[in-house]
Each structure stands twice: as C-alpha cells, then as structure tokens.
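Q: Let me begin by handing over the structure; questions about it come next.
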C-alpha cells in the first residue's frame, strides 16, 4: 500500500465511537473509535486518515492503537462565525455530499488516482 491518506467508512454507534472530551480541551472533540465501528475492521488505519461515519460525522485520526484509534470530530460551523470551535452538526449532516469525479464511481482502487469534491451547505 502507498502512504496516501484515505477515507475510511464506519457504521459506528455510541458503543464503539465514544466521546473522550477532556476538561482542559473544551473545543477539541476527541473520540475513541473502536475498529468494530469500521465497515472493514481489518483495514490499516493511519494518522490523518478521515473516518466518515454512516450518521454523517467526519473524524480525523490523531493516534492509532491496537484495538482503536483516537480521532477528532471535524465540525461545520452553523453560526457563520469563526471556524475555530465549529458549531453543531445537527441538521447539517444530511447536507454533506461526496461527489467522486475521477473515477466516476464510488469504487476506488488502491494505487489509482481519485479526486473527491466535498460540498457543504449551511442550514
């Protein structure tokens, strides 16, 4: 496999995607994502991979461990303000659309070039 970062798909719930926000990092939304949440639990996860959960949440992998990874929730600001703290994802998750342009299919073959466009529309 190459060293490219990828998008990993998950069907996680509150049992295998667990919020681990700490008091001294209030604006960071860190989660334990257990490999059982992934569509393919055998996939090799790397730091900076993106995880797209079936409920529309995006996570960026910060640390990889034996049975889980630690990832930060990527938020979309709904307040129109700064992009630092984000806002809420409620009502916005179903408006995120992934459109593959090369290849023109949702199937991506390892080692082949793929370009993805992400569209987000605010509430």
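The values are calculated or read from the model by the stated rules, or taken from the named source; none is laboratory data. What you see is a predicted model; the values in this text were computed from it and never measured. Please note: Cβ atoms are built from the backbone with ideal geometry, for glycine as well, and neighbour counts cover all protein chains shown.
Q: Out of the range 23-51, which residues are within 20 Å of residue 11 (Cβ to Cβ), at pLDDT 90 or above and in contact with a strand residue (DSSP E or B) (Cβ under 7 Å, 6 or more places away or on another chain)?
A: Passing the criteria: 31, 32, 33, 34, 35, 37, 38, 39, 45, 49, 50, 51.
Q: When both residues are 6+ apart or on different chains and their Cβ atoms are under 7 Å apart, which pairs have a first residue that lies in the range 45-69 and is at positive phi, and a second that is surrounded by fewer than 18 Cβ atoms within 10 Å (Cβ to Cβ) and in a strand (DSSP E or B)?
A: Once the first residue is at positive phi and sits in the range 45-69, its partners that are surrounded by fewer than 18 Cβ atoms within 10 Å (Cβ to Cβ) and in a strand (DSSP E or B) give 48/60.
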